1. Order 215-223, 289-297 from most to least packed using the mean count of other Cβ atoms within 10 Å.
2. May I ask you to evaluate 6.51 cos²θ - 1.76 cosθ + 1.60, the Karplus curve with θ = phi - 60°, for each residue of segment 104-115 and list the ³J(HN,Hα) values in order in whole Hz, giving x for glycine and proline?
3. I'd like the distance separating the alpha-carbon centroids of segment 164-233 and segment 252-313, in whole Å.
4. Step through the table entries 178/282; 80/242; 19/72, compare each Cα-Cα distance with 29 Å, and write down the pairs that go over it.
5. Is it possible to state the helix-based mean residue ellipticity at 222 nm for the chain, with each DSSP H run of 4+ residues giving -39500 (n - 2.57), the sum divided by total residues, to the nearest 500 deg cm²/dmol? What is it?
6. Scan (i) 40, 22, 21; (ii) 38, 28, 16; (iii) 47, 22, 17 for the value of semi-axes √(5λ) of the Cα gyration tensor in Å calculated from this model and give just the label.
7. Need one number: nm distance between label points at residue 250 and residue 211, each 7 Å from Cα along Cα→Cβ, rounded to one decimal.
8. Treat each spin label as a single point 7 Å out from the Cα along the C-beta direction, and report the residue 282 to residue 12 distance in nm.
Amino acid sequence: TKYLKLDAPSGYSEDDLRKIYDEYNELSEAEQKPNIIVIMNEAFSDLSVLGDFETNQDYMPFINSLTENTVKGSVYVSVKGGNTPNSEFEFLTGTSMAFLPTGSIPYQQYIDSDTLSMVSQLEELGYSTTAMHPYPASGWERDEVYSYLGFDNMYFLPDFSGSSRLRSYVSDLGMYRKLISLYEATRESGDDSPQFFFGVTMQNHGSYGKVRNFFPDVTVDGLDIDASSTYYELATYLSLIKRSDNAFRFLVNYFSGVDEPTIILMFGDHQPNDYVVNPILKMNGINMETADIQTQQLRWQTPYILWSNYEID
């Protein structure tokens, strides 16, 4: 408004300036409301942070290749090997587990009424909000908690009938296909509101022992998977991470062809259990029980990848 009070430049009336100002505001508002997709990927981590090891192939080739309109880094989470909902709680509410008693599961103990969250804030901005988790709705009481956090829509295991699976779990690719189908359905229905999808995957859930329908194709040099069940489990884990990388490629490729501005964030909820990473620690001469705090912290570190289909800083 203060700019409209200035004398109009030569050739521009006050009405001209007001029209330009209004058009700019409309554009600015649209740019501030991209579709937002957040994937909290089960046990997704890059174990190379724990020490050096070589594999027979890159287990995150697509993510490692991403550079354009991409921000990558690491986060520290409050759990390892399990208790996924605590990472969810911290991300969606911005509240740290540091302020709660040791062993707490906020989803089961503290969220029993409407709770301020990223979800409720985005709803106030006009977003349609959807939570997805291809597992029973009662797990960690998500069906109740998601409502308290403000989600409009929720999809659980029964909604993923026919989705592709890896081992016994719905695959990352299966969940992304469902997400895309829901996105397309909103647009076909005439709903043009910005979308917020929050998906929690299941594909990489432990344990990582031998199963009939999955054989690891990523192995660590010097560790014979036929010689040790632990080496086999490590190979299975890394092979699943490679499948996650490939599925993320599918998701990014789809939204790279969508005209609407869209931003995707994927991060890991925690690292796998100790038995999975112990071979790497042993190879690097690391004993976590006697290690300094900086080394111990590495077990709580997971990657994040933020990508958009439009130009970002």
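1. On the way: 215-223: 15.7, 289-297: 9.8.
So the peptides 215-223, 289-297, ranked by packing, come out 215-223, 289-297.
2. Couplings: 5, 10, x, 4, 9, 10, 10, 9, 10, 7, 3, 10 Hz.
3. Each part's Cα centre sits 15 Å from the other's.
4. Details: 178/282 40 Å; 80/242 20 Å; 19/72 39 Å.
As for pairs spanning more than 29 Å Cα to Cα, those are 178/282; 19/72.
5. Using -39500 (n - 2.57) per qualifying helix, the result is -11000 deg cm²/dmol.
6. Here the calculated entry is (i).
7. 1.6
8. Using points 7 Å along Cα→Cβ, the separation is 7.1 nm.
The values are calculated or read from the model by the stated rules, or taken from the named source; none is laboratory data. Since the model is a prediction, treat every value here as computed from it, not as a measurement. All Cβ positions, even for glycine, are placed from backbone atoms using ideal geometry, and neighbour counts span all protein chains on display. Heads up: the accessible areas ignore ligands, DNA and RNA and are worked out on the full protein's heavy atoms, side chains in. Shrake-Rupley method; radii C 1.70, N 1.55, O 1.52, S 1.80 Å.
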